[in-house]
Structure formats: structure tokens, C-alpha cells
Amino acid sequence: MMTIDETDRRILSHLQQDASMPLDALGEAVHLSRNACWRRIKALEKSGVIAKRVTVLDPDKVGLGLMVFIMIRTNAHAPDWLEAFRKATRAMPEILGVYRMSGDLDYLIRARVADMPDYDRLYQALIKRVPLSDVSASFVMEQIKDTSQLPL
């Protein structure tokens with residue numbers, strides 16, 4: 001496991017805000033030369049601390065204005081069912097996150113769709129791929145905070 005020092009944390013904080021930040025500007029912001037900054041970024045990538053760099057899109061502007069959380073309870077807990085569930089959810093691009101939960105809920109799915117008919121299409125496609133016993137959904141009315149930035 002890589003040791004992350006305060007300079008690495010500053011680099012990571014800046015990159016979480018803007019991964020396209022030019023090396024010169026990033027180096028200046030964290031008080032390093034361009035080359036020293038580049039070497040640290042490469043080390044952070046090699047160690048897996050930086051998993052990937054992405055572009056964050058505005059879902060409304062690409063026609064995916066409805067976020068839905070799908071709550072699943074199941075009676076099936078066999079490894080083959082779980083593998084089928086994994087394959088099904090990973091193959092559906094509308095599904096952004098799938099979480100196996102502790103407590104009363106078995107799985108929580110976070111998805112983005114255009115509207116209610118699009119959600120129904122997603123739901124129908126999911127239940128065709130894997131048997132589910134209890135499914136409910138909640139639709140986001142207002143997004144108060146949504147970030148991928150980790151608190152460093």
C-alpha cells in the first residue's frame with residue numbers, strides 16, 4: 001500500500017475537482033515542479049490510488065433527468081443467483097451503482113433514466129434477466145448533493 005503524504009493529498013484534491021488541470025497549473029498549486037508533479041501522479045496511478053480519470057456529464061443535458069434508487073429484497077442467496085444478478089446489472093448501462101446491503105434490504109441500485117416509461121423499460125429488462133422477489137423504487141425529486149470527491 002502506498003503512503004500518501006500531504007503533497008499527494010493536495011494533488012489528489014485538485015485532480016478530483018478537475019482531472020484535466022494542466023501540469024504547470026497543478027504544480028504551481030501544490031508547490032512542485034511540473035516534472036515532480038507528473039512523477040507523483042504516475043506513482044499514484046501505478047499504485048491504484050488514482051483508479052481512472054473521467055468526464056462528469058450533466059444528466060439533464062443528455063436526456064437522463066430521472067435518478068431512481070431501486071431497493072431489492074430477495075429470497076435467493078445462492079452463488080449462482082448472485083452471479084446472474086451481477087452479470088445482469090453490469091450489462092445495463094442505465095444502472096450506475098449496485099450495492100449489496102446489510103440489514104433489511106438486500107441490494108440497492110442507483111440508476112439514471114429519461115422518465116417513468118424509461119424506468120419501466122429498465123425494470124422489465126431487469127426482471128427478465130434475473131428473478132427478483134420484492135422490488136420497490138424511489139425517485140429523486142431534488143438532488144441536494146452528489147459528488148465523487150473523497151474527503152482528503
Hey, T55 hits all of (1) at pLDDT below 95; (2) under 30 Å from L122 (Cα atoms); (3) open to solvent by less than 70 Å² (accessible area, probe 1.4 Å) but one; which does it fall short on?
-> (3)
Limited to the stretch 31-85, what total is found for residues that are over 30 Å from T3 (Cβ atoms) and aliphatic (A, V, I, L, M)?
-> 13
Could you please find all residues in the stretch 106-140 being surrounded by 15 or more Cβ atoms within 10 Å (Cβ to Cβ), more than 14 Å from M67 (Cβ to Cβ) and out of contact with any helix residue (DSSP H, G or I) (no Cβ under 8 Å at 6 or more places or on another chain)?
-> D106, Y123
Condition met for R100 (within 30 Å of M1 (Cβ to Cβ) and open to solvent by 40 Å² or more (accessible area, probe 1.4 Å)) = yes
Note down all Cβ pairs under 7 Å where the first residue falls in the stretch 99-113 and is over 15 Å from L126 (Cα atoms), the second is open to solvent by less than 30 Å² (accessible area, probe 1.4 Å) and in a strand (DSSP E or B), and they're at least six residues apart or on different chains.
-> Y99/Y107; R100/Y107; M101/Y107; D106/I72
Kindly check whether there is at least one residue in the stretch 62-69 that is farther than 23 Å from V130 by Cβ, open to solvent by 60 Å² or more (accessible area, probe 1.4 Å), more than 17 Å from the chain's Cα centre (by Cα) and modelled with pLDDT of 95 or more.
-> yes
Residues in the stretch 73-93: is at least one over 14 Å from S133 (Cα atoms), β-branched (V, I, T) and open to solvent by 40 Å² or more (accessible area, probe 1.4 Å)?
-> no
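The values are calculated or read from the model by the stated rules, or taken from the named source; none is laboratory data. Quick caveat, the model's predicted, so the values are computed rather than measured. Every residue, glycine as well, gets a Cβ built from its backbone with ideal geometry; the counts of neighbours run over all protein chains shown. These area figures cover heavy atoms from the full protein model, side chains too; ligands, DNA and RNA do not enter into them. Shrake-Rupley method; radii C 1.70, N 1.55, O 1.52, S 1.80 Å.
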